[in-house]
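A.B. asks: Starting off with a structure, shown below.
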Amino acid sequence: MATMYFRPPLLLLALLLSSSSLLFRGESSGDREALLAFKEGLSDHSGSLVSWNSTNAGFCQWAGVVCSHRHPGRVSSLNLPSRGLAGSISPAIGNLTFLRTLQLSSNMLSGEIPRTVGGLSRLRHLNLSNNSIRGEIPEELCNCSSLVTMTLGKNQLQGEIPAALGSLSQLQLLYLTTNKVVGGIPEAFGNLSSLERLSLYENRLQGTIPEGLSRLARLQFIQVARNNLSGTIPPLFFNMSALQYFGVGSNKLQGGIPPDAGTNLPVLEELHLGNNSLSGKIPSSVANSTKIQLLSLARNSFYGRVAPEIGKLCPVRVELGGNMLQADDTDGWEFLRFFANCTRLQLLDLDGNKLGGVLPSYVANFRDRSSGLAWQEMESPGRSLQASETLSTSLT
């Protein structure tokens, strides 16, 4: 019997070859469509997305696109910082269900954060900082249960911080710096057991600092300055063994520094409490934080003598101006003896206190440094100093 051969139409053959090519690459048509929809919502004057076109099916090779090794043909990273992109983020971004990194910082994006981002359960790193994104922070982001870092700073976000974000148990970094966020710091943030860095700097937050934050054992950095926070600072903040940076300046905080502050702050490098309404004495126990490089307590209502032990810290900057600190004899100036021997000290601000008596002779140690220290008004050791006069020094 003669062998029969089937000859498919040329069009069908072309479709089969095209389909085979796509399957060979293993690329998801859904991811490709989502990327093209994302591009459609943008203005790309710099040509950063010129490789993104409908005729090029190999989207894993497109600029800024990285596909998964474990799941070939699925987009795992969209990395497009500083590309001059304008426009808004398409809701189609939520169809990239294998996405682990979304990095769109330092562009000119506007519009709102699509709520569909909350469907990205594998997302680990979200960075939309330094754009002009407005609207509220979507509560749906709490569904991104794998999030490790969330950086939304320097935008125009408004509304309150969703308390539901406190359920992100893997979150290590949360930056909402320089937005227009209102309301309070959610109490639920005390549940962020993996949190290491938190910045809510320069917003419009009110209310108190949740005590739960001071119980986060891994917290290394907290910056909530330039808000309208009130109440007292939870005492446990002054004894957090992992804390390196504590910034609560320029708020409306009251109360004092606990007498045992610094007892368990072995790695603290910067303490920013300035420009509040704090009062009381500065406890000598602060000197136990031997790694402090910046001590800022200026523009509060601290009073009494500066403990000599404070001078042993040898920071780079000391800001104590604008308080009611006192010195009227040699013992009251003893802290200055240690500061005079601190070779790395660049700024010592004592301006606007109640410092009097005779300026100690060891002040000359500041002037002997090769780098040079410039005193304002109080230049002569042994000179009688009136409480109304100012005293500050900085590197020239």
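A.B. asks: In debye, nearest 20: dipole of the stretch 147-214 around its Cα centre with unit charges on the Cβ of K, R (+) and D, E (-)?
C.D. replies: Values: 4 positive and 5 negative charges, 49 e Å.
Its charge dipole is roughly 240 debye.
A.B. asks: I'm checking a number: the convex hull volume of the Cα atoms of the stretch 247-324, normalised per residue, in Å³. What is it?
C.D. replies: Details: hull volume 5.8 nm³, N = 78.
Spelled out: Cα convex hull of the stretch 247-324, divided by residues, is 75 Å³.
A.B. asks: Moving to a separate point now. Over the Cα atoms of the stretch 220-366, how large are the radius of gyration and the largest Cα-Cα distance (Dmax), in Å?
C.D. replies: 14.5, 43
A.B. asks: Measuring from a point 7 Å past the Cα of Q326 along Cα-to-C-beta, which residues in the stretch 294-314 have an amide N at less than 17 Å?
C.D. replies: What the label zone holds, given the 17 Å backbone N cut-off, is 301-308.
A.B. asks: Along the stretch 129-144, what does the Karplus equation 6.51 cos²θ - 1.76 cosθ + 1.60 (θ = phi - 60°) give for ³J(HN,Hα), rounded to whole Hz, x for Gly and Pro?
C.D. replies: Each residue's phi maps through the Karplus curve to give 5, 6, 10, 10, 6, 10, x, 8, 6, x, 5, 4, 4, 5, 7, 7 Hz.
A.B. asks: Which Cα, out of S194, P138, L120, lies furthest along the positive dipole direction of the stretch 55-201 (beta carbon charges, K/R +1, D/E -1)?
C.D. replies: It is L120.
A.B. asks: Something else about it: Remind me, relative contact order of the stretch 132-233 in percent, using alpha carbon pairs under 8 angstrom and six or more residues apart? Walk me through the numbers on the way to the answer.
C.D. replies: On the way: 255 pairs, mean separation 23.2, N = 102.
Over the stretch 132-233, the number comes to 23 percent.
A.B. asks: Sticking with this one: Suppose every Lys and Arg Cβ carries +1 and every Asp and Glu Cβ carries -1, with no other charges. What dipole size does the stretch 197-282 come out with about its Cα centre, to the nearest 20 debye?
C.D. replies: Around 180 debye, computed over the stretch 197-282.
A.B. asks: I've got another one for you. Could you pull out every residue, at least 5 positions away or on a different chain, whose amide H is within less than 5 Å of the one on E136? Hs are placed 1.01 Å off N in the peptide plane, and Pro or chain starts have none.
C.D. replies: For E136, the qualifying residues are Q158.
A.B. asks: Can you tell me how the stretch 36-180 classifies by the Cα gyration tensor, rounded, prolate or oblate, using a/c under 1.5 as the rounded cut?
C.D. replies: Working: a/c = 2.05, a/b = 1.29, b/c = 1.58.
Oblate shape, in that a/c is at least 1.5 and b/c is the bigger or equal ratio.
A.B. asks: Compute and list, largest first, the equivalent-ellipsoid semi-axes of the stretch 95-230 from the alpha carbon gyration tensor, each √(5λ) rounded to a whole angstrom.
C.D. replies: Numbers: eigenvalues 95, 65, 31 Å².
With the √(5λ) rule applied to the stretch 95-230, the semi-axes are 22, 18, 12 Å.
A.B. asks: For the stretch 93-164, list log₁₀ I(q)/I(0) at each q in 0.13, 0.14, 0.23, 0.26 Å⁻¹, using the Debye formula over Cα point scatterers of equal strength and ignoring solvent, two decimals each.
C.D. replies: -0.32, -0.38, -1.07, -1.33
A.B. asks: Right, something else. List the residues, sorted by chain then number, that are 5 or more residues from V358 or on another chain and whose placed amide H is less than 5 Å from its amide H.
C.D. replies: For V358, the qualifying residues are L385.
A.B. asks: Using only the alpha-carbon atoms of the stretch 39-100, report the extent along each of the three principal axes, biggest first, to the nearest angstrom.
C.D. replies: 34, 23, 21
A.B. asks: Looking at the calculated P(r) for the stretch 155-212, what percent of the C-alpha pair distances fall above 16 Å?
C.D. replies: On the way: 650 of 1653 pairs.
Pairs farther apart than 16 Å: 39 percent.
A.B. asks: Per the Kirkwood formula on distinct C-alpha pairs, the Rh of the stretch 288-352 is how many angstrom? Don't skip to the answer; put the middle values down first.
C.D. replies: Values: mean 1/r = 0.0844 Å⁻¹.
About 11.8 Å for the stretch 288-352.
A.B. asks: Can you give the Kirkwood hydrodynamic radius of the stretch 192-262 from its Cα pairs, in Å with one decimal?
C.D. replies: Values: mean 1/r = 0.0812 Å⁻¹.
Every distinct Cα pair counted, the radius reaches 12.3 Å.
A.B. asks: Once you have the alpha carbon radius of gyration of the stretch 57-130, what is it after dividing by 2.2 N^0.38 Å, with N set to its residue count? Show your work: numbers first, answer last.
C.D. replies: Working: Rg = 12.0 Å, N = 74, 2.2 N^0.38 = 11.3 Å.
Cα Rg divided by the expected 2.2 N^0.38 Å: 1.06.
A.B. asks: Could you give me D for the stretch 122-162, from Stokes-Einstein at 25 °C and 0.890 mPa s, where the hydrodynamic radius is the Kirkwood radius over C-alpha pairs? Units µm² s⁻¹, please. Spell out each step's value before the answer.
C.D. replies: Values: Rh = 10.8 Å.
Rounded to a whole number, D works out at 228 µm²/s.
A.B. asks: Okay, moving on. Give me the lysines in straight-line cross-link reach of K354: C-alpha distance below 26 Å, same-chain residues under 8 apart excluded.
C.D. replies: Output for K354: K252, K281, K312.
Rule-based calculations on the coordinates, nothing more; no lab input. None of the values given here were measured: they were computed from a predicted structure. Cβ coordinates were reconstructed from backbone atoms using ideal geometry, including for glycine residues, and neighbour counts include every protein chain displayed.
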